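Here's the structure we're looking at; comments come further down.
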Amino acid sequence: MCGIIGYCGQKPAVPIVLEALKRLEYRGYDSAGIASLYDGRLLIRKDAGKIDEVIQKHDLASLPGIVAIGHTRWATHGAVTQFNAHPHSDCGGRVAVVHNGIIENNQQLRQELTKIGHKFTSETDTEIIPHLLEDELKNGCSLEQAVLNIAPRLEGSYAFLGISLDDPGKIIGTRKTIPLIVGTDAPDYYVSSDALAFSQYTNRVMSLEDNEVVVLTQKGIEFFDAQGNKLVKRARKLDHSWAESHKGGYQHFMLKEIMEQAQALSQIVHQDEKRFTNIALDILRARQVIITACGTSRYAALVGRYLFSRVGKKFCDVVMASEFGYFADSVDKSTVVIAVSQSGETADVVEGVKAARDAGAQVISIVNRPNSILADLSHQVIYLNCGSEIAVAATKSFLSQLAIFYLLSFAMVNSFDEAAARLTDLSGDITKVLNWNKSELIKLSQKLKDKSAFYYIARGINFAIASEGALKLKEISYIHAEGMPAGELKHGTLALIELGTPVVVICPADYTFLETLSNAMETKSRGAYIIGVSDKESDIYDSWIRIPEVDELLYPMVAVVPLQLLAYYLAINRGCDPDKPRNLAKSVTVK
Ligand code: F6R
């Protein structure tokens, strides 16, 4: 949620910041803006709209400066307007700040600042930061000292960058809970929410810890702790394969990421087997196991729960991360909490993990993004290794999460190798399912694009795939969709089925086949249009999405792929941008 970038160096700063904003657009895209220091002036341009629109409308590329900061917004406090877009400034227009996160005590600080004469021009929580800095700078502080002085007054989670005419030639940054990464390629220095913003220039990066402050000037970078003591940090190397962000010839990142899944699967098996098996044994030995996650990652967790039970005979619970805190009383030293998150940044998951750690639980996280906050908070980390995922809708990370749960469950019974071999073979099946169904899915999406609601049903291990298929559809095509266990239909939702209502039935030829089919028949009898996702044909289907016959615990992985593609083509046919669905952002760093 929101991307921030700062550049200070020998090159013109604005083109670098604009390019970075495009790379950060996945974090929010309702407004954008930049601020630069040039010739004794602080230049700020910003507006509501997608980055390209704002760049064109305000001719951002023409802005001069060798020090600049930029922001791409996902609105939290205040509507999507030009006033609320970042950067925000102080009363005298001498300080500019870009911010990701939420300042929870902003109302109180705003009142205090207003009382002493500060004038606010936006509804955002962010605007209090430049006003607080203004007072410190007036007292003669350096920009970094000003940040150190005001940070203790800020409650909530944040990463922000600032520049000022009163201490020109530098960018300061600090963070609490929200990530901030510095890139170095002397004499050029970068600071951003995500290294992806500058990975085309340098692969040498450093992370800030909570409450640390960084200062970037043309002479170099300095780090300070919360007390103002200088810190020495070593740069580490960024994995370039992770930081790739081009579309590779595809029209959208989402399509590229769907197509990359076969490859992701063959990569995921490269885990340290011994460490992996030890983690699996820790899970097995724990008195209780709770998996926590949000959205798509939570659906992966639900599949994981079935796998743990069927293979490892280990029961566990899945708790939505936003609800986790309400169960914290039941967490103790003998609990293993497994946190699942593509980004490793989701605020609810991070919060839950902190609560679990405080209660003495062992935390294992399954994440994609290297060096994420969640990874830092966990006792053990398993990486998905599926490369950067840019489209807001998760696809390849979901498949990779399923594969990790598959490996973990087999590692519980000492069969990691067997599971790894099956997953390697499965990557061919993923390619098959894409090739078999692409043209049918395109036709189907043209036919069904004007439907107002879709229902997805399945049983057992595939139930979470019904929910995931529905989530994909609603988030990128804005069609109402619900996924549910097939047996639940007649307890309410059946009332919504009418002539032509699309019902997607995930019914592989496994132990769920006959019962699921009979639930599908109940909807067909009421006029539903049945889309069967199965390796077995049936007269009930009005349209058949064929999947390969695989081991029954692997069906979720082959069944989800055509559902992703169906959602993608429906979005395209409805004129929606699948990479940037309205109101959503890739990294949900607010609670
Ligand atoms: C849906 C989607 C979201 C995320 C959710 C959690 O396609 O991407 O539902 O799954 O916001 O994100 P992570 O996995 O980064 O914690």
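Read-outs: derived from the displayed coordinates by stated rules, not from any lab. Not measured: the values here are computed from a predicted model. For neighbour counting, all protein chains shown are included, and Cβ atoms are generated from backbone atoms with ideal geometry for every residue, glycine included.
Residue farthest toward the positive end of the dipole of segment 247-414, with Cβ of Lys/Arg at +1 and Asp/Glu at -1: which of Cys294, Leu307, Ser388?
Positive-end residue among those listed: Leu307.
Rounded, prolate or oblate: which one fits segment 3-237, using the alpha carbon gyration tensor with axes a ≥ b ≥ c (rounded when a/c is under 1.5, else prolate when a/b beats b/c, else oblate)?
Details: a/c = 1.40, a/b = 1.08, b/c = 1.29.
Judged from the Cα gyration tensor, segment 3-237 comes out rounded (a/c under 1.5).
Calculate, for Lys57 and Ser538, the FRET efficiency according to 1/(1 + (r/R0)^6) with r their C-beta to C-beta distance and R0 60 Å; round to the nearest 0.05.
On the way: r = 54 Å, r/R0 = 0.90.
So the FRET efficiency works out to roughly 0.65.
Using the Kirkwood radius over C-alpha pairs as Rh, can you work out the diffusion coefficient of segment 268-370 via Stokes-Einstein at 37 °C, viscosity 0.692 mPa s, in µm² per second?
Numbers: Rh = 13.7 Å.
Value of D from the Cα-based Kirkwood radius: 240 µm²/s.
Using 0.36 nm per residue, how much length does the chain from Gln10 to Gln251 gain when fully extended, once their Cα-Cα distance is taken away? Don't skip to the end; give the middle numbers.
Values: separation 241, 0.36 × 241 = 86.76 nm, distance 3.46 nm.
Full extension of this stretch gives 83.3 nm more.
Only counting other Cβ atoms within 10 Å, I'd like Glu212, Glu53 sorted with the fewest neighbours first. Please list the in-between numbers first.
Numbers: Glu212 19, Glu53 14.
With the fewest neighbours first, Glu212, Glu53 line up as Glu53, Glu212.
Label segment 497-575 by shape, choosing from rounded, prolate and oblate, from the square roots a ≥ b ≥ c of the eigenvalues of the Cα gyration tensor; if a/c is under 1.5 it is rounded, and otherwise prolate applies when a/b is larger than b/c, oblate when it is not. Don't skip to the answer; put the middle values down first.
Values: a/c = 2.38, a/b = 1.08, b/c = 2.20.
Judged from the Cα gyration tensor, segment 497-575 comes out oblate (a/c at least 1.5, b/c at or above a/b).
In degrees between 0 and 90, to the nearest 10, how far off the longest principal axis of the chain does helix 396-412 point, with axes built from Cα atoms?
70 degrees
If you find the alpha carbon centre of segment 158-200 and of segment 447-464, how far apart are they in angstrom?
44 Å
Fewest Cβ neighbours within 10 Å first, please rank Val590, Val232, Val392 accordingly. Display every interim value, and only then the final one.
On the way: Val590 19, Val232 6, Val392 23.
In order of increasing Cβ crowding within 10 Å: Val232, Val590, Val392.
Using +1 at the C-beta of Lys and Arg and -1 at the C-beta of Asp and Glu, which of Leu434, Ser538, Gly487 has the Cα lying farthest in the positive direction of the dipole of segment 432-578?
Leu434
Restricting to DSSP H runs of at least four residues, report the calculated mean residue ellipticity at 222 nm for the chain, -39500 (n - 2.57) per run over all residues, nearest 500 deg cm²/dmol. Present the calculation step by step, with values, prior to reporting the outcome.
On the way: 18 runs with 214 residues, N = 591.
The helix contribution divided over the chain gives -11000 deg cm²/dmol.
Based on the Cβ-Cβ distance of Arg310 and Ser330, what FRET efficiency does E = 1/(1 + (r/R0)^6) give at R0 = 22 Å, to the nearest 0.05?
Numbers: r = 24 Å, r/R0 = 1.11.
With R0 = 22 Å, the Cβ-Cβ based efficiency is 0.35.
Taking the Cα atoms only, what angle lies between the long axis of helix 295-312 and the longest principal axis of the chain, rounded to 10 degrees?
50 degrees
Count the net charge of all other residues whose Cβ sits under 10 Å from the Cβ of Asn368, scoring Lys and Arg as +1 and Asp and Glu as -1. Before the final figure, lay out the partial values.
Numbers: positive: Arg369, Lys396; negative: Glu389.
Net local charge, Asn368 excluded: +1.
Taking the Cα atoms only, what angle lies between the long axis of helix 555-573 and the longest principal axis of the chain, rounded to 10 degrees?
Its long axis makes an angle of about 60 degrees.
Quick one: dipole size for the chain, taken about the Cα centre, charges +1 on Lys/Arg Cβ and -1 on Asp/Glu Cβ, in debye to the nearest 20. Write out the running numbers ahead of the final one.
Numbers: 62 positive and 69 negative charges, 73 e Å.
Here the chain has a charge dipole of around 340 debye.
With contacts defined as alpha carbon pairs under 8 Å and 6 or more residues apart, what's the relative contact order of the chain in percent?
Values: 1378 pairs, mean separation 69.5, N = 591.
The value is 12 percent.
Tell me the net charge near Tyr456. Cut-off is 14 Å between Cβ atoms, Tyr456 excluded, with +1 for each Lys or Arg and -1 for each Asp or Glu. Don't skip to the end; give the middle numbers.
Details: positive: Lys451, Arg459, Lys472, Lys474; negative: Glu468, Glu475, Glu482, Glu488.
That works out to 0.
Once the Cβ-Cβ distance between Gln200 and Lys490 is put in as r, and R0 is 41 Å, what FRET efficiency do you end up with, to the nearest 0.05?
Values: r = 55 Å, r/R0 = 1.33.
After rounding to 0.05, the efficiency reads 0.15.
Can you give the translational diffusion coefficient of the chain in µm²/s, computed by Stokes-Einstein from the Kirkwood radius over Cα pairs at 4 °C and 1.567 mPa s?
On the way: Rh = 25.0 Å.
Result for D is 52 µm²/s.
Give the order of His58, His88 when sorted by the count of other beta carbons within 10 angstrom, beginning with the fewest. Mind dumping the intermediate values first?
Working: His58 18, His88 30.
Fewest to most other Cβ atoms nearby, the residues stand as His58, His88.
Need one number for segment 205-340: average projected area of the convex hull over its C-alpha atoms, nm². Walk me through the numbers on the way to the answer.
Details: hull surface 54.1 nm².
Average projection, Cα convex hull of segment 205-340: 13.5 nm².
Excluding same-chain residues fewer than 8 positions from Lys451, which aspartates and glutamates have a Cα within less than 12 Å of its Cα?
Within the straight-line limit of under 12 Å, Lys451 reaches these aspartates and glutamates: Glu498.
Taking θ = phi - 60°, what integer Hz values does the Karplus form 6.51 cos²θ - 1.76 cosθ + 1.60 yield along segment 203-212, in sequence order, with x for Gly and Pro?
Computed from phi, the couplings for segment 203-212 are 10, 9, 10, 9, 9, 8, 8, 3, 6, 7 Hz.
Which pairs in the list Lys22/Lys354; Lys449/Lys580; Lys443/Lys472 are over 30 Å apart, alpha-carbon to alpha-carbon? The partial results should precede the final answer.
Numbers: Lys22/Lys354 32 Å; Lys449/Lys580 19 Å; Lys443/Lys472 18 Å.
As for pairs spanning more than 30 Å Cα to Cα, those are Lys22/Lys354.
Just want the answer: with Cβ charges of +1 for Lys and Arg and -1 for Asp and Glu, which residue in Val337, Gly156, Gln564 is farthest toward the dipole's positive end in the chain?
Looking along the dipole axis, the top candidate is Gln564.
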